[in-house]
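Everything on this sheet refers to the single structure shown next.
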Amino acid sequence: MASDKIIKSRFFFEDEVEEKLAEVPTEEPDSWQADEKLAKVGKPYSRIDGYDKVSGTARYAFDMHLPNMAQAKTLRCPLAHARIKGIDTRKAEKLSGVLAVLTHRNTPEIKWYGTSFLFDTHLRYEGDEVACVIAETESIAEQAIKLINVDYEELDHVVDAKEAMQDSAPKLYDSGNIRNGEPGTYSRGEVEKGFAQADTVIEDTYRTQIAIHNPTEVHCSVVNWDGDRLTVWDSTQGIFRVRDGVANSLNIPLNSVRVIKKYMGGGFGSKLEAGKYTVMAALAAKQIGRPVRITLDRKEMNLAVGNRPDSVQTLKGGVKKDGTLTALFHHSYGAIGAHPSNAQCSWPLKSMYKCDNVKVEEYSVYINAGRARPFRAPGHVQGFFALESLLDDLAEKINMDPLEFRLKNYADKDQVYNIPYTSKVLREAYQKGADAIGWQNRSEKPGSGRGPVKRGIGMSSQIWWGGGGPPAYATLKLNRDGTLRVIAGTQDIGTGTYTFMAQVAAEALELPMEKVEVILGDTAVAPYCGASGGSTTAPSVSPAVRNAAENMKAKLISGAAAHLEVPESQLTYQKGMVNHKTNTDKSIAIDQLVREMGEQVMVSIGKRGANPEGYMINTFGAQFADVQVDTETGKIRVNKIVAAHDIGRVLNVKTLENQMHGGVIQGLSFALMEERVIDRYTGKVVTFNMHDYKMPTIMDMPDIEMFIVSGGDPKISSTGVKGVGEPAMIPTPAAIANAVYNAIGVRIKQLPMTPDKVLNALYR
Amino acid sequence: MLPFILNNRWVKPESPEGTVLLDFIRTDQRLTGAKEGCREGDCGACMVLVGRLKHGQLHYTQNVSCLLPIAAVAHCHVVTIEGLNRQTLSPLQQFFVDEYASQCGFCTPGFIISLTAYLLNGTQMDDEEALSYVDGNLCRCTGYSSIRRALSKLNQTYGAELIDYSVPAQRIRRLIELNLLPDYFSYMEKQLQTPPRQPSGQPLTKDDGARTIVAGGTDLFVQQADDLREHKLAFMQNTRGIVIEDNRCYVDAAFNVQELQNHPQLQHHFPRMHQWFRLIASMPVRHRATVGGNIINASPIGDLSVWLLALDVTVVLQNGRRTREIPLKDFFVDYKTLAMTEDETVQLVYFDLPRENYFFHFEKVCKRTYLDIASVNGAMFLRTREERIDTIHLALGGVAPVPLYLKQTVHFLQGCPVTADTIHEALRILESEIQPISDVRGSADYKRLLAGRLLWAHLYPYYPDLVEKEVL
């Protein structure tokens, strides 16, 4: 497995195709087969970093403390839209303990968001960065912020996407508020002809809210300069993205920036790039010659570091009496905040079901609010809520069971690129899920239950990519005592990357888990891996580790051959031993062999192989919800969620369950609770803390039953793994919404389904 | 500053007494196991145990350290996750690992602390009780199932045995033997008894004018933690507790909400009290929040205020040696405006314990069942005699600038029979008494609709046929 090549690699990262030149191996070990019996992979190992987490010794970026470290806080624009006429920082600078105040006047003009700057004088949302104060303590920095006197020219604002699309709306950019000036479009077949063929056509409008990632660990960095070399401890999902972003902003060489992330308290898509805060801290640290720690508070988290864009989706679906979908149309707009982002949410409609005639028109709209960022299955969570609501209504119109309707329109190949899937195990997911929820007992007449508390059952399908791809690399280092270190430039964002990397290496080299240690999240020591997003981490990096392990085996055989003076072809590797095929005396344990190399460490490298040409890689699943609705108070209680998914090979059922259940609860939360609210008159966010931005507690948890219906997918890679983080969340809100309809017989077309919406739908 | 024990050693903070404990722990002491998630008592990532001597016995509760000024823990034993760690994981920590109850891990120390409080205090030792101890701990990523399993395992392994240890010192000794607490907990009670114990903070006396009076501080420190840092603080002292005399119940203003919830005699009179009080904030907040603080805060949506209004409590105010009394329903004048002077403090509330033929009911509607602020909440006290309403008290929150006692509706209902006609007429009056506004917790229309539905909901357990016939 010597030679490698460079290819143009394309795969879906979040909801966009990422294209990168990538080095891939020309030869790979045989893929583990779908039902291959493996000794370590798939087994329920506890997290190898469990001790650190339950003892509180796990050190997060938030916890980093360096000698002589200063603290930084950010002054943010209190207005929805303004221009800085003047800024007076003298009082703040005079406050005892203040070390520096950065503003647009004393910092280089650093480009940000394409057309804006690190410190822009045109402030486009409440929360836009105005100044950064560095002081001896956080408390002093906070006080100093209040002493900065900014003369704002208040500008007219717009905080609603629909209003922002009007010609008369205040403009965030000279080119207008519609991103790119036009909608994103897509079409296949002839949608009008499709509708003409339909026996029933339904058109309806569905709305989803803006949601905030709100990871428990706030965004934060600690930065330190050693001369011209910068080290950044950052709470990030993408160490290399942060390295590149910071180096570009500061115009310093890439090898001068080292980004480290060992543990992080969640990201969910909000921590996929270098933040302004990191660059501000780096500028300040350079200026004062001391390490600087910068943290955001919960309010800043709710204003300035990302959100899931809202959506107003008008969908139209045509269906024949026999259940054949003849046409689907999607028109939507959504608010992306003040800077470039993406509000598209039509992928579910384009790709989930077999339909020959599809048309899409979708607008991403600038408003005076914080910028949208990818948030756990961007577009899909919103899109499925609308699509699956429409589908249930269509099914009801033609008197067809909703599940049967979905099976009728089952797609056997990718609908957009017209190519086969590497694998699709969705029928089994439907079956398992339907059995577990008791689909056959579902009331066929919505709202027919007796008493004030009504019960219902509903379901939703799911599609996502999550196949990952190259480039992703891993290095293995074998010590002379037979212990192994796995090193990769990916990061464990809580999902269990440390643990499954150890399992894959231990599997391939047949070593006990205790012998394997994993180092991730350090750009200075680890080979490149992509950011952790799009459910791509496990499918991208697990094959790299396996391939590195296979390369290590080859090396060990070569080493044993040299040491034992026998031909390599006579030797095989087995359980930490290199054995001679016929002569048992000519066997050697690997620790013994490595010891022969003195104090050297044996190193191997592995690369993620190319994805198969001409195939689409998708994850699939279905979720079923059992809910009860109190028609007196409008409160919805989710009793149970059944989640049945095709995610390729399972690496570890423990970390899998965390991802699965965590996704379901975030889906439930999106369906019932979370919503960022902006006051349209002031343009200010009113849900800026956890009092008002609600997320579930342990008391809100339904029972969750999980089924994985897939085995490994050998077409994808040497490990056959697909991602799981995003698929887990995608169908939950739609399944709950359909269950609520089944319970009360009234469709709630807007999320979150709070008691007020339910009660208003029932009684007004 | 007065000293306290942090884990296993005395510390004497030099920081201003209004400094919140979390900052002292993390910044001064560099103990970073307690995390900061929100600084508002809403996430529980900063949870610590606070042990206090009560009648010579050491009692521990879990508290959010972000809302706790260090002056409030003088002569207490404060325990962070570091104070629970030993060479190997405790069984509780090990269950968290085995059941994968920690994913990103940021909230985990807070959960371990809350469940340690449960081990120290649990009386039922079942899953429902264990869950109630983590109602103030937010996890954004595991989905909680694994945490539920970990606490179940804890109960299965130790629950039955621990239930027999009801004396705190004996419970502590047993927990040490079971490796669930480190050894040093065995001598904390003695440590706190010497040096001689003083009340935490400064006692409240006449010359304390310059001090800021703090009850539980659970709202005050959300709003004003930065400003209060440099203030001299005086803490309301719970000197009287609950006294019941001649069927009248007197509650000290500094009595905390959790103690109220746990009070056996009140539970006897209000059998569903435990269930209702669990809807109020979270356990760590209830441990700090006080009856008097809730009234003084005058939140239009205060759960406890609504509860107390429906009990028709009387407030006893004190100014020096002078005291005066005022019914709570006359106490709330306007938004955050109270019928009291700056020199007065709330000392007590009292109410008559109900006798036979009465119903009491509480309802709270919000987005999230627990740890939420209501859109609308309401309480009803109802006593009937010979099929007619003998006494009724109705209160609603979230529909006016104050927690609202529905005087006119109550006046109308007095003496009426409980019939559909009566209730429909009462609803008409109720509609005219309320003035909800639209805000993040719901539109005015919705709150109006809800206010009416709540009256039906109050009546439903007692007059199910009537309600089903009329509204369902």
Quiz item: Interface A/B, total buried accessible area with a 1.4 Å probe, nearest 100 Å²?
Solution: 6400
Quiz item: How long is the range B:326-409 along each principal axis, judged by its Cα atoms, biggest number first, in Å?
Solution: 46, 34, 24
Exercise. Grab the alpha carbons of the range A:607-764, take their convex hull, and tell me the volume per residue in Å³.
Key: 174
Exercise. Using a Förster distance of 51 angstrom, determine the FRET efficiency expected from the C-beta separation of B:Ser432 and A:Glu154, and round it to 0.05.
Key: 0.80
Quiz item: Using a Förster distance of 35 Å, how high is the FRET efficiency between A:Glu109 and A:Asp226, based on the Cβ-Cβ distance and rounded to 0.05?
Solution: 0.85
Self-check item: At R0 = 51 Å, FRET efficiency that the Cβ-Cβ distance of B:Gln87 and B:Arg248 yields, to 0.05
Solution: 0.40
Quiz prompt | DSSP-assigned coil residues among GluC sites (Glu not before Pro) in the range B:211-272, each with at most 13 further Cβ atoms within 10 Å | solution = B:Glu230
Quiz item: Counting only the backbone N, which residues of the range A:243-286 are under 15 Å from the spot 7 Å out from the Cα of A:Glu136 toward its beta-carbon?
Solution: none
Quiz item: Kirkwood hydrodynamic radius of chain B from all distinct Cα pairs, in Å?
Solution: 23.6
Self-check item: Positive-end residue, the range A:1-69 charge dipole about Cα centroid, Cβ charges, pick of A:Gly42, A:Phe12, A:Leu66
Solution: A:Leu66
Quiz item: By what distance, in whole Å, do the Cα atoms of the range A:538-581 stretch along each of the three principal axes, largest value first?
Solution: 39, 16, 14
Quiz item: Normalised by the residues of chain B, what does the relative contact order come to in percent, with Cα pairs under 8 Å and at least six apart?
Solution: 11
Exercise. Send over the Kirkwood Rh of the range A:614-682, from the inverse of the averaged 1/r over different Cα pairs, rounded to one decimal Å.
Key: 15.1
Exercise. Show the residues, 5+ positions off or on another chain, whose built amide H is closer than 5 Å to the amide H of A:Ile87.
Key: A:Asp151
Quiz item: Can you give the translational diffusion coefficient of the range A:1-101 in µm²/s, computed by Stokes-Einstein from the Kirkwood radius over Cα pairs at 37 °C and 0.692 mPa s?
Solution: 150
Exercise. Provide the per-residue ³J(HN,Hα) series for the range A:637-646, in order, calculated from phi with Karplus coefficients 6.51, -1.76, 1.60 and θ = phi - 60°, each as a whole number of Hz, with x at glycine and proline positions.
Key: 10, 8, 7, 7, 10, 10, 10, 10, 9, 9
Quiz item: Which of the residues in the range A:204-253 lose at least 50 Å² of accessible area when you go from the chain alone to all protein chains together (probe 1.4 Å)?
Solution: A:Thr216
Quiz prompt | Ranking by accessible area, most exposed first, for A:Arg747, A:Arg105, B:Arg441 with a 1.4 Å probe | solution = A:Arg105, B:Arg441, A:Arg747
Quiz item: Given a cut-off of under 8 Å on Cα pairs at least six residues apart, what relative contact order in percent is computed for chain A?
Solution: 17
Quiz item: How many nm is it between the label spots at B:Gln275 and B:Trp10, if each spot is 7 Å from the Cα in line with the beta carbon?
Solution: 4.9
Quiz item: Taking the Cα centre of chain A as the origin, how large is its charge dipole in debye, to the nearest 20, when only Lys and Arg (+1) and Asp and Glu (-1) carry charge on their Cβ atoms?
Solution: 480
Practice problem: Mind putting a number on the dipole of the range A:119-270 about its Cα centre? Charges go on the C-beta only, +1 for Lys and Arg and -1 for Asp and Glu, and I need it in Debye to the nearest 20. | Solution: 880
Quiz prompt | Selection from B:Asn297, A:Ile84, A:Thr495, by position along the positive dipole direction of the protein assembly as shown (Cβ) | solution = A:Thr495
Practice problem: Could you state the angle between the C-alpha long axis of helix B:145-154 and the longest principal axis of the C-alpha atoms of chain B, as a value from 0 to 90 degrees rounded to the nearest 10? | Solution: 70
Practice problem: For the range A:413-452, build the convex hull from the C-alpha positions and give me its volume per residue in Å³. | Solution: 125
Quiz item: With a ≥ b ≥ c the root eigenvalues of the C-alpha gyration tensor of the range B:307-356, is it rounded (a/c under 1.5), prolate (a/b larger than b/c) or oblate?
Solution: oblate
Self-check item: Residue-averaged beta-carbon neighbours from other chains (10 angstrom radius) around A:452-461
Solution: 1
Practice problem: Sort the following peptides by mean Cβ neighbour count (other Cβ atoms within 10 Å, averaged over residues), highest first: B:66-74, A:160-168. | Solution: B:66-74, A:160-168
Self-check item: Calculated Rg and Dmax of the range B:358-472 using C-alpha coordinates, Å
Solution: 13.8, 44
Practice problem: Could you check how many percent of all C-alpha pairs in the range A:454-593 are farther apart than 20 Å? | Solution: 53
Practice problem: Can you tell me the relative contact order of the range A:443-499? Whole percent, Cα pairs under 8 Å, sequence separation 6 or more. | Solution: 18
Quiz item: Mind listing P(r) for the range B:16-101? All alpha-carbon pairs, 10 Å bins, whole percents.
Solution: 17, 44, 31, 8, 0
Quiz item: Does any residue of the range A:677-716 lose at least 20 Å² of accessible area with all protein chains in place compared with its chain alone, and if so which ones (probe 1.4 Å)?
Solution: A:Asn689, A:Met690, A:His691, A:Asp692, A:Lys694, A:Met695, A:Pro696, A:Thr697, A:Ile698, A:Met699, A:Asp700, A:Met701
Quiz prompt | Where N is the number of residues in the range A:254-373, Cα Rg divided by 2.2 N^0.38 Å | solution = 1.56
Quiz item: Once Lys and Arg get +1 and Asp and Glu get -1 on their Cβ, which of B:Thr108, B:Phe362, A:Val191 lies farthest toward the positive end of the dipole of the protein assembly as shown?
Solution: B:Thr108
Quiz prompt | Three-way shape call for chain A based on the alpha-carbon gyration tensor, with the a/c threshold at 1.5 | solution = oblate
Self-check item: Net length gained if the chain between A:Asn248 and A:Lys581 were fully extended (0.36 nm per residue, minus Cα distance)
Solution: 114.4 nm
Quiz item: When only DSSP loop residues count, what trypsin sites (Lys or Arg not before Pro) in the range B:1-81 have their Cβ near at most 11 other Cβ atoms within 10 Å?
Solution: B:Arg30
Quiz item: For B:Asp439, which sequence-distant residues (separation of 5 or more, or a different chain) have an amide H within less than 5 Å of its own amide H, given hydrogens modelled in the peptide plane?
Solution: B:Ala444
Exercise. Convert each backbone phi in the range A:37-47 into a coupling constant with the Karplus relation 6.51 cos²θ - 1.76 cosθ + 1.60 (shift: θ = phi - 60°), then list the ³J(HN,Hα) values in order as whole Hz, x for Gly and Pro.
Key: 7, 10, 8, 10, 5, x, 7, x, 6, 6, 3
Practice problem: Show the residues, 5+ positions off or on another chain, whose built amide H is closer than 5 Å to the amide H of A:Asn618. | Solution: A:Thr422, A:Ser423
Quiz prompt | Dimensionless Rg/Rh of the range A:116-173 - Kirkwood Rh, Rg from C-alpha atoms | solution = 1.11
Quiz prompt | Paired Rg and Dmax values of the range A:58-135, which use every Cα atom, in angstrom | solution = 14.5, 45
Quiz item: How far apart, in nm, are two points set 7 Å out from the Cα along the Cα-to-Cβ line at A:Asp35 and at B:Phe359?
Solution: 6.1
Quiz item: Cα convex hull of the range A:135-252: how many Å³ per residue?
Solution: 275
Quiz item: Over all residues in A:717-726, what is the mean tally of Cβ atoms on other chains that come within 10 Å of each residue's Cβ?
Solution: 0
Exercise. Could you go through the range A:192-203 in sequence order and give the Karplus-derived ³J(HN,Hα) for each residue, using 6.51 cos²θ - 1.76 cosθ + 1.60 with θ = phi - 60°, rounded to whole Hz, and x for Gly and Pro?
Key: 5, 4, x, 5, 5, 6, 6, 7, 9, 10, 10, 10
Practice problem: Could you provide, to the nearest whole Å², the per residue accessible area of the range A:64-216 with probe 1.4 Å? | Solution: 47
Quiz item: In nm, to one decimal, how far is the modelled label at B:Arg383 from the one at B:Ala169, with both set 7 Å along Cα→Cβ?
Solution: 4.4
Practice problem: Could you work out how far helix B:444-459 tilts from the main Cα principal axis of chain B, as a 0 to 90 degree angle to the nearest 10? | Solution: 90
Quiz item: To the nearest 20 debye, what is the magnitude of the charge dipole of chain B about its Cα centre, counting +1 on the Cβ of each Lys and Arg and -1 on the Cβ of each Asp and Glu?
Solution: 900
Quiz prompt | Cα centroid of the range A:416-492 to Cα centroid of the range A:516-553, whole Å | solution = 22
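The values are calculated or read from the model by the stated rules, or taken from the named source; none is laboratory data. Nothing here was measured: the structure is a model prediction, and the numbers come from that model. With ideal geometry, Cβ positions are generated from the backbone for all residues, glycine too; neighbour counts draw on all protein chains shown. The area values use the complete protein model at the heavy-atom level, side chains included, leaving out ligands, DNA and RNA. Shrake-Rupley method; radii C 1.70, N 1.55, O 1.52, S 1.80 Å.
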